[in-house]
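Everything on this sheet refers to the single structure shown next.
The values are calculated or read from the model by the stated rules, or taken from the named source; none is laboratory data. Bear in mind the structure is a predicted one, so any value in this text is a computation, not a measurement. Ideal geometry is used to build each Cβ from the backbone, glycine not excepted, and the neighbour counts take in all protein chains shown.
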Amino acid sequence: MSPFQAPPNLSSSSSSSTDQVLLECKNLCAWYGAAQILFDVNLQVNRGEVVALMGRNGAGKSTTLKALMGLMPKKTGVVNFLGQDQSHFEPHDAARRGLGFVPEDRRIFTDLTVLENLSVARQGARKFPNGQDAPYWDYANLGKLFPNLASMPHRLGSHMSGGEQQMLTVARSLMGNPLVLLLDEPSEGVAPLIVEQMGEMILTLKRQGVSILLSEQNLHFAQWVSDRVYVLEKGQVRHHSSMQELSEDGQALKAYLSV
């Protein structure tokens, strides 16, 4: 039997607890060498919501995600995850606590199969801070979420298309059963059909109570999946609102996103 078959039911988590702050940063600054990229960034992600991080190229979106994950060699400020300061955590410590990260450049193991890529990221079940069970992801559940992957369990990563690799990267992160998932440009460079599948996947995760912070330049995609939005310009937060408010603010769209 394929490991993708006969999935158990996903744990159903109410998204009514969106006032539970799972991830936040305060006065976050970050540098590449001597060049400062982020300037006192403040943001938060609540349980069961999708938050978009938007801005032009070079605004600091990817750097923000890396800083939250502990991937920036030099940063200051406070990063709180599940109520604990993890400003000085290593990336593997953040992952063990339930913070997932999907980089823009995918970074799958091309010499391993789909199943092997998923196996290396497996972690145990988790609970939300209030003690409620979080969604549990295994091969079977991922097969429902990513039917394309379920059809190619033994395919090598090197023999997959860019869109398939993108889905595998997300699925691998979910095998760690994250409570918050950081997604860097999920719609970048993939076919429209894959973009649609990625959007449906994000909405499914949201319904299950998983929180997502995504870096995105595709306004239409962000409008489809996001509840709130932070807009970065030159490493600073210039706008914060609901996604609906930004969508209706033509002046802000033109000023910060050139729309």
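Mind listing whichever residues of region 211-243 are outside any helix (DSSP H, G or I), out of contact with any strand residue (DSSP E or B) (no Cβ under 6 Å at 6 or more places or on another chain) and touching a residue at least 40 places away in the same chain (Cβ under 8 Å)?
Once the filter is applied, which keeps residues that are outside any helix (DSSP H, G or I), out of contact with any strand residue (DSSP E or B) (no Cβ under 6 Å at 6 or more places or on another chain) and touching a residue at least 40 places away in the same chain (Cβ under 8 Å), region 211-243 yields Gln217, Leu232, Glu233, Lys234.
If you scan region 61-83, which residues turn out to be of a type outside the set (Lys, Arg) and in contact with a helix residue (DSSP H, G or I) (Cβ under 9 Å, 6 or more places away or on another chain)?
If the condition is that a residue be of a type outside the set (Lys, Arg) and in contact with a helix residue (DSSP H, G or I) (Cβ under 9 Å, 6 or more places away or on another chain), then Leu68, Met69, Gly70, Leu71, Met72, Gly77, Val79, Phe81, Leu82 are the ones that fit.
Leu53: of a type outside the set (Val, Ile, Thr), closer than 19 Å to Val229 by Cβ and assigned to a helix (DSSP H, G or I), yes or no?
In short, no.
Find the helices (runs of 4 or more DSSP H) located wholly in region 78-190 whose residues include 2 or more that are more than 19 Å from the chain's Cα centre (by Cα), and list them.
By residue number, 114-119, 139-145, 147-150.
Condition check ((1) touching a Lys or Arg at 6+ places or on another chain (Cβ under 8 Å); (2) at pLDDT 95 or above; (3) under 20 Å from Ala121 (Cα atoms)) across all residues:
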| residue | (1), (2), (3) |
| --- | --- |
| Phe4 | no, no, yes |
| Lys26 | no, yes, no |
| Ala30 | yes, yes, no |
| Asn42 | yes, yes, no |
| Gly48 | yes, no, no |
| Ala52 | yes, yes, no |
| Ala67 | yes, yes, no |
| Glu90 | no, no, yes |
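Scan region 204-220 residue by residue and report those that are polar (S, T, N, Q), under 15 Å from Arg56 (Cα atoms) and surrounded by fewer than 20 Cβ atoms within 10 Å (Cβ to Cβ).
Residues satisfying the conditions are Gln217, Asn218.
Taking the stated definitions as given, is Thr76 buried (at least 17 other Cβ atoms within 10 Å of the Cβ) and among the β-branched types (Val, Ile, Thr)?
no
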